[in-house]
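Chemist: This is the structure I want to talk about, given as structure tokens.
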Amino acid sequence: MADTFKIVAFTGSLRRGSYNKAALRAAQKLAPEGVSIEIVDLAPLPFFNEDVEAEGVPAVVEEFKAKIVAADALLISTPEYNFSIPPVLKNALDWASRGDVTPVNGKPLAIMSASPGMLGGARVQYHLRQVCTSLNLLVINRPEVFIAQAHTKFDEEGNLTDERTAQSITRLLKALVEWTNKLKA
Ligand SMILES: Cc1cc2nc3c(=O)[nH]c(=O)nc-3n(C[C@H](O)[C@H](O)[C@H](O)COP(=O)(O)O)c2cc1C
């Protein structure tokens, strides 16, 4: 049997009822056969501080980095905060960019965003792409998945109810696997 293709997913939202968390859970259900998606909670990561780093990288950070190392690819679904990247997500990426092992270097990544607004977080995606250039995260360009008016696309339990969004996420996951396999070849 073929090995499972492992995707590690995370979001910049800590909100219990987060649409982005719900989008990641939807992705888990929509994952193609042979693909597993583990959602990693970024809440336990402390604020990045070079003093803390010098004293010893916290175990939770090492665990986070180890998960990225073991992943075939990454998936981020993020909110847009004031047209940009939520601090929780930027903080996680900053930790992952440090040390002898920089697990994000060369790692394939797919991005999506969800917002109650009309643009679905379009602006944060372009800021995030800029940061990914610094980290040498290899972000796929297409398809772009913007979950606009997110409050109309999930039910009260956070289940995705919008078929077009489900199709977009399915295409994104397929493209991520294809992109990763192309990079490995
Ligand atoms: C500090 C802050 C700034 C925000 N700025 C934006 C913004 O620039 N664009 C946008 O579409 N939504 C913005 N929002 C609204 C978020 O899109 C909304 O709260 C969304 O539900 C957050 O994602 P989540 O559901 O995954 O927590 C902002 C929310 C907060 C708390």
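Chemist: Residues that are more than 16 Å from the ligand (Cβ to nearest atom) and modelled with pLDDT of 95 or more: find the strands (runs of 3 or more DSSP E) completely inside region 57-148 holding 1 or more of those.
Modeler: In region 57-148, the matching strands (runs of 3 or more DSSP E) lie at 73-78, 108-114.
Chemist: Looking at 114, 150, 110, can you tell me which residue is buried (at least 16 other Cβ atoms within 10 Å of the Cβ) and over 15 Å from the mean Cα position of the chain (by Cα)?
Modeler: Of 114, 150, 110, the one residue that is buried (at least 16 other Cβ atoms within 10 Å of the Cβ) and over 15 Å from the mean Cα position of the chain (by Cα) is 150.
Chemist: Restricting the search to region 6-25, which residues are touching a strand residue (DSSP E or B) at 6+ places or on another chain (Cβ under 8 Å), within 8 Å of the ligand (Cβ to nearest atom), under 17 Å from residue 45 (Cβ atoms) and not small (Gly, Ala, Ser)?
Modeler: If the condition is that a residue be touching a strand residue (DSSP E or B) at 6+ places or on another chain (Cβ under 8 Å), within 8 Å of the ligand (Cβ to nearest atom), under 17 Å from residue 45 (Cβ atoms) and not small (Gly, Ala, Ser), then 11, 20, 21 are the ones that fit.
Chemist: Out of the residues in region 1-32 that are assigned to a loop (DSSP other than H, G, I, E, B), at pLDDT 95 or above and among the small types (Gly, Ala, Ser), state the one that is farthest from residue 91 (Cα to Cα).
Modeler: Going through the qualifying residues, I end up with 31.
Chemist: If you don't mind, there's one more thing I want to ask. Where residues in region 149-162 are touching a strand residue (DSSP E or B) at 6+ places or on another chain (Cβ under 7 Å) and in a loop (DSSP other than H, G, I, E, B), which of them is nearest to the ligand (Cβ to nearest atom)?
Modeler: It comes out as 153.
Chemist: Looking at region 64-80, can you tell me whether even one residue there is charged (D, E, K, R), free of Cβ contacts under 8 Å to residues at least 12 places away in the same chain and out of contact with any helix residue (DSSP H, G or I) (no Cβ under 9 Å at 6 or more places or on another chain)?
Modeler: Checked region 64-80: no residue is charged (D, E, K, R), free of Cβ contacts under 8 Å to residues at least 12 places away in the same chain and out of contact with any helix residue (DSSP H, G or I) (no Cβ under 9 Å at 6 or more places or on another chain).
Chemist: Based on what the data block shows, is residue 24 within 17 Å of the chain's Cα centre (by Cα), closer than 23 Å to residue 180 by Cα and of a type in the set (A, V, I, L, M)?
Modeler: When the stated conditions are applied, residue 24 passes them.
Chemist: Based on what the data block shows, is residue 35 away from the ligand (no atom under 16 Å from the Cβ) and either closer than 17 Å to residue 87 by Cβ or in contact (Cβ under 8 Å) with a residue 24 or more places away in the chain (or both)?
Modeler: Spelling it out, residue 35 is indeed away from the ligand (no atom under 16 Å from the Cβ) and either closer than 17 Å to residue 87 by Cβ or in contact (Cβ under 8 Å) with a residue 24 or more places away in the chain (or both).
Chemist: If you don't mind, there's one more thing I want to ask. Please identify the pairs in which a residue from region 95-111 that is at positive phi has its Cβ atom under 6 Å from the Cβ atom of a residue that is surrounded by fewer than 20 Cβ atoms within 10 Å (Cβ to Cβ) and not β-branched (Val, Ile, Thr), counting only partners at least 6 apart or on another chain.
Modeler: 106/136
Table: residues versus (1) more than 22 Å from residue 170 (Cα to Cα); (2) exposed (fewer than 14 other Cβ atoms within 10 Å of the Cβ); (3) under 16 Å from the mean Cα position of the chain (by Cα).
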{"residue": "9", "(1), (2), (3)": "no, no, yes"}
{"residue": "28", "(1), (2), (3)": "no, no, yes"}
{"residue": "31", "(1), (2), (3)": "no, no, yes"}
{"residue": "47", "(1), (2), (3)": "yes, yes, no"}
{"residue": "65", "(1), (2), (3)": "yes, no, yes"}
{"residue": "81", "(1), (2), (3)": "yes, no, yes"}
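The values are calculated or read from the model by the stated rules, or taken from the named source; none is laboratory data. This one's a predicted model, so the numbers in the text were calculated from it and none came from an experiment. Don't worry about glycine lacking a Cβ; one is built from the backbone with ideal geometry, like all the others, and counts go over all protein chains shown.
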